[in-house]
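Okay, structure first, notes after.
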Amino acid sequence: MYVSGLKRWSLRILLAGVGVLALASLGAWLFLRASLAQLDGARRAPGLVAAVSVARDEYGVPLLQGRNRLDLAYATGFIHAQERFFQMDLLRRVGAGELAELFGARALATDKAHRLHRFRARAELMLAAMPAADRQFIDRYVAGINDGIGALGARPFEYALTGTAPRAWSAADSLLVAYAMFFDLQGSQEPRKLARGWIAEHTDAAQRAFLLPDATEWDAPLDEAAMPAPTPIPATAPHWWGQRRGTAPVRVASADFVDAVGSNSWAVAGSRSRDGGAIVSDDMHLGLQLPTTWYRLALQFQDADGKPRRMVGLTLPGTPPIIVAGSNGHVAWGYTNSYADLLDLVVLDVDPADPARVHTPNGWETLVSHAETILVKGASAHTMVVRDSSLGPLRQAGGRSYAIRWIAHQSGALNLNQRKLETADTLVEALAVAATIGIPAQNFIAGDDNGNIGWTITGMLPRRSQASSATGPARTATWATWDGALAPADYPKVVNPPSGQLSSANSRQLMGTGAQLIGDGGFDLGARGRQIRDGLLALGERTDTTAVYGVTLDDRAVFMAAWRRRAIAALDDAALKGQPQRAEFLRLLQTGWSGRASVDSTGYRLARAYMWALYDLLFGAANVEMAVLDDKAGVHAASARWPVVVARLLDERPASWLPAAFPNWGSLELAAIDDVIAQLTGNGRPLAEATWGARNTASIAHPISMAAPALRRFLAAPADPLPGDANMPRVAGPNFGQSQRMTLTPGKEEQGVFNMPGGQSGHPLSPFFLRGHAAWVAGKTVPLLPGPAVHTLRFEK
């Protein structure tokens with residue numbers, strides 16, 4: 001009886017435990033359900049001029065319809081908050097340097113780096129000076145956000161996991177989201193300047209000109225200017241060239257490094273399209289996570305003159321609700337990062353008797369100190385002192401004090417002028433607006449319904465009295481000072497070129513007049529841009545949206561083909577004797593090559609890794625030194641053109657540049673190949689399994705999964721192998737790449753096509769969390785415009 005009773009009690013305890021677990025699971029599920037967005041029904045919204053409807057299609061893409069633009073701003077804020085509030089919160093905290101309040105001490109280093117720029121204070125100053133109409137627009141958006149988050153049945157699930165609560169939204173927060181994009185799009189310029197400064201101090205003029213070329217044969221500038229002749233190879237190499245890095249284990253850079261230079265945009269003129277309208281294509285390359293960066297929508301409203309307007313495209317949740325890239329029915333446009341020269345590091349001498357006094361190019365001055373308090377979850381608040389000079393805040397690197405002279409610090413670097421694109425009816429009007437827009441400086445490519453196409457820069461450019469120092473930090477006023485902003489009328493532009501096409505891929509835009517106004521803030525190599533240019537030319541006359549979109553998916557390995565040929569040439573009979581692994585390497589280069597960055601290609605992965613192994617062997621010692629200045633500094637930061645430099649040396653083989661550790665250039669190449677073999681077979685796997693897809697596997701997840709890794713399988717996209725890479729149109733990395741693909745003709749948006757790597761919602765229980773992801777992986781398109789309504793939410797007065 002005792003044993004029988006024990007069994008009964010054990011069973012009861014087990015059943016009770018199961019019941020408690022079931023109730024806890026039900027409670028968690030109900031809590032998650034309560035934080036889903038409202039999709040249907042009607043709501044009263046104070047302050048509306050007229051009713052607004054939000055009709056979502058099967059992908060969750062809304063069409064917002066109303067008479068008044070301010071009413072649509074409110075409704076956009078509401079749906080942004082309900083679908084994406086945590087994403088918005090992260091972005092405002094990135095801009096302000098306030099992440100540690102959510103994530104604790106592990107985010108403190110990032111907060112300190114960002115708080116140095118005091119963007120919250122700058123946002124408040126901008127709001128105080130903002131035109132009344134713009135302030136009213138942003139205030140209606142903010143009201144919608146706070147009503148949206150307040151209308152949820154429970155706080156967004158991310159706050160339950162972090163043990164925090166959402167904070168109300170403010171107008172300054174919307175500007176901070178835009179400031180966060182300055183970090184994302186221009187954050188590489190500081191380490192680039194430090195890297196180039198280190199190289200300048202450790203080379204002579206001839207070596208520097210060779211190692212840091214201004215352009216190469218891969219560039220395809222829009223003005224079609226001739227490329228300069230290659231710089232002669234100097235008689236001697238720098239003392240650090242090809243030095244060994246010590247006894248650290250081999251780690252080929254290509255194993256971890258993803259070329260995160262991004263975005264593609266192009267336009268084909270009506271003279272080459274079947275229906276006479278321009279065709280505009282845009283795919284912006286950003287870090288990939290869930291939810292994706294963009295929120296897609298369409299708007300229908302009446303402008304100030306009572307004229308019906310229809311907008312379709314992308315919004316950035318948290319920023320004022322303006323179409324970032326898309327179409328207004330008459331003009332379509334897209335962006336790529338300009339990589340203009342927008343930041344200077346100016347060396348300051350500190351008075352040894354008074355650390356608050358510094359000598360600038362303009363003379364001695366006293367620094368202004370600001371105490372910044374950073375809240376840290378689970379710890380005491382951290383106070384840092386920001387020291388400001390007339391040129392910008394101070395940072396230390398390599399024992400020196402630098403003033404950060406950054407265009408983002410200027411009043412007017414942000415504004416809401418992009419709203420004016422909503423009523424631009426011609427390309428001429430759009431280009432005039434573009435030059436006045438306050439966002440991180442971008443290449444602006446547009447086309448109109450009459451078939452015209454054009455390019456210019458949008459976003460503030462510095463007005464320089466002379467060419468800036470492209471080499472590195474500035475010591476004197478004659479090197480890198482600038483005075484205010486370039487006037488919009490002086491912005492360079494290209495309109496209706498004879499080729500009937502324009503394209504931008506982050507490389508050099510111009511070689512002739514206007515190039516000095518942009519400068520070089522880290523242009524891409526140019527291979528991707530040239531491949532796009534040639535791909536568009538190959539379309540010929542009478543092309544259409546489908547063909548123009550197809551260039552987006554071009555993963556041909558045009559750039560990497562020459563590196564494959566070099567590796568094959570290095571593996572001659574002598575190199576293979578008694579070396580079975582090298583023989584296998586050669587076999588895979590020959591038989592595992594598809595001519596593309598395809599997921600099943602071993603040849604592509606090996607050729608790419610060979611190139612990066614040479615980078616490690618030749619620049620490794622220098623990179624270690626530069627990383628002391630900034631952990632993102634290195635030769636790759638100093639110049640994306642380093643592969644052209646190395647290729648010339650391998651092809652011409654000058655004895656004076658051969659590293660001392662190698663008897664000949666062939667032995668250097670074999671050492672690179674051996675390093676790749678060791679890296680890829682170190683885990684016991686055969687070399688034949690080292691496909692590009694095994695390396696380039698999607699790792700796209702909700703950022704909260706880093707705080708709750710056990711939930712990652714519910715918060716991540718499938719680990720699909722991805723075709724594509726840097727230096728080709730189809731840019732793809734595990735968590736970096738094409739954040740959307742969009743191709744359309746203005747006025748014929750019904751024919752426009754689209755896809756993006758995530759869905760509209762940031763909630764894992766939403767049917768729109770991953771809706772459309774599979775199409776993005778496969779390169780398939782969905783209609784740009786929202787389809788028939790599946791859900792309708794109404795806002796009433």
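The values are calculated or read from the model by the stated rules, or taken from the named source; none is laboratory data. All figures in this text were calculated on a predicted structure; none of them were measured in a lab. Note: ideal-geometry Cβ built from the backbone for every residue, glycine included; neighbour counts use all protein chains shown. Keep in mind that these areas ignore ligands, DNA and RNA; they rest on the heavy atoms of the full protein, side chains included. Shrake-Rupley method; radii C 1.70, N 1.55, O 1.52, S 1.80 Å.
Residue 594 falls short on exactly one of the conditions (1) surrounded by fewer than 21 Cβ atoms within 10 Å (Cβ to Cβ); (2) part of a loop (DSSP other than H, G, I, E, B); (3) out of contact with any Asp or Glu (no Cβ under 8 Å at 6 or more places or on another chain), and that condition is (3).
Could you check, for region 290-310, whether at least one of its residues is in a loop (DSSP other than H, G, I, E, B), of a type in the set (S, T, N, Q), at pLDDT 95 or above and closer than 22 Å to residue 762 by Cβ? Yes, the conditions are met somewhere in region 290-310.
What do you reckon, is residue 625 within 30 Å of residue 395 (Cβ to Cβ), of a type in the set (Asp, Glu) and open to solvent by 40 Å² or more (accessible area, probe 1.4 Å)? Considered against the rule, which asks whether it is within 30 Å of residue 395 (Cβ to Cβ), of a type in the set (Asp, Glu) and open to solvent by 40 Å² or more (accessible area, probe 1.4 Å), residue 625 comes out as yes. The single residue among 538, 557 that is out of contact with any Leu (no Cβ under 9 Å at 6 or more places or on another chain) and within 17 Å of residue 267 (Cβ to Cβ) turns out to be 538.
Quick check on region 744-763: of everything there that is part of a loop (DSSP other than H, G, I, E, B) and within 22 Å of residue 285 (Cβ to Cβ), which residue is farthest from the chain's Cα centre (by Cα)? Residue satisfying both the conditions and the ranking: 752. Restricted to region 639-733, the set of helices (runs of 4 or more DSSP H) holding at least 2 residues that are on the phi > 0 side of the Ramachandran plot and open to solvent by less than 10 Å² (accessible area, probe 1.4 Å) is empty. Just one of (1) more than 29 Å from residue 506 (Cβ to Cβ); (2) touching a helix residue (DSSP H, G or I) at 6+ places or on another chain (Cβ under 8 Å) fails for residue 342. It is (1).
Filtering region 503-537 to residues that are more than 15 Å from residue 491 (Cα to Cα) and among the hydroxyl-bearing types (Ser, Thr, Tyr) leaves 503, 504, 507.
The conditions of being within 30 Å of residue 320 (Cβ to Cβ) and open to solvent by less than 10 Å² (accessible area, probe 1.4 Å) are not met by residue 432. Assess whether residue 55 counts as being in a strand (DSSP E or B) and either at pLDDT below 90 or over 24 Å from residue 420 (Cα atoms) (or both). Yes; evaluated as a whole, the condition is true for this residue.
Just for region 416-441: of the residues that are in contact with a helix residue (DSSP H, G or I) (Cβ under 9 Å, 6 or more places away or on another chain), assigned to a helix (DSSP H, G or I) and of a type in the set (Val, Ile, Thr), which one is farthest from residue 463 (Cα to Cα)? Restricting to residues being in contact with a helix residue (DSSP H, G or I) (Cβ under 9 Å, 6 or more places away or on another chain), assigned to a helix (DSSP H, G or I) and of a type in the set (Val, Ile, Thr), the top hit is 423. When each of 413, 408 is tested for being open to solvent by less than 40 Å² (accessible area, probe 1.4 Å) and in a loop (DSSP other than H, G, I, E, B), the lone residue that passes is 413.
Residues that are open to solvent by less than 40 Å² (accessible area, probe 1.4 Å), in contact with a strand residue (DSSP E or B) (Cβ under 6 Å, 6 or more places away or on another chain) and among the polar types (S, T, N, Q) within region 741-797 comprise 743, 745, 755, listed in sequence order. Scanning region 73-96 turns up no residue that is open to solvent by 20 Å² or more (accessible area, probe 1.4 Å), modelled with pLDDT of 95 or more and either charged (D, E, K, R) or not in a helix (DSSP H, G or I) (or both). Residue 766 meets each of the listed conditions (1) touching a Phe, Trp or Tyr at 6+ places or on another chain (Cβ under 9 Å); (2) among the hydroxyl-bearing types (Ser, Thr, Tyr); (3) in a loop (DSSP other than H, G, I, E, B) apart from (1). Selection of first residues in region 72-84 that are touching a residue at least 24 places away in the same chain (Cβ under 8 Å) and of second residues that are of a type in the set (Lys, Arg), restricted to Cβ pairs under 6 Å at least 6 apart or on distinct chains, gives the following pairs, ordered by first then second residue: 73/140; 74/140.
When restricted to residues that are more than 20 Å from residue 678 (Cβ to Cβ) and touching a helix residue (DSSP H, G or I) at 6+ places or on another chain (Cβ under 9 Å), region 566-610 contains 14. Test residue 334 against the stated conditions and say whether it is on the phi < 0 side of the Ramachandran plot and either free of Cβ contacts under 8 Å to residues at least 12 places away in the same chain or under 25 Å from the mean Cα position of the chain (by Cα) (or both). Spelling it out, residue 334 is indeed on the phi < 0 side of the Ramachandran plot and either free of Cβ contacts under 8 Å to residues at least 12 places away in the same chain or under 25 Å from the mean Cα position of the chain (by Cα) (or both).
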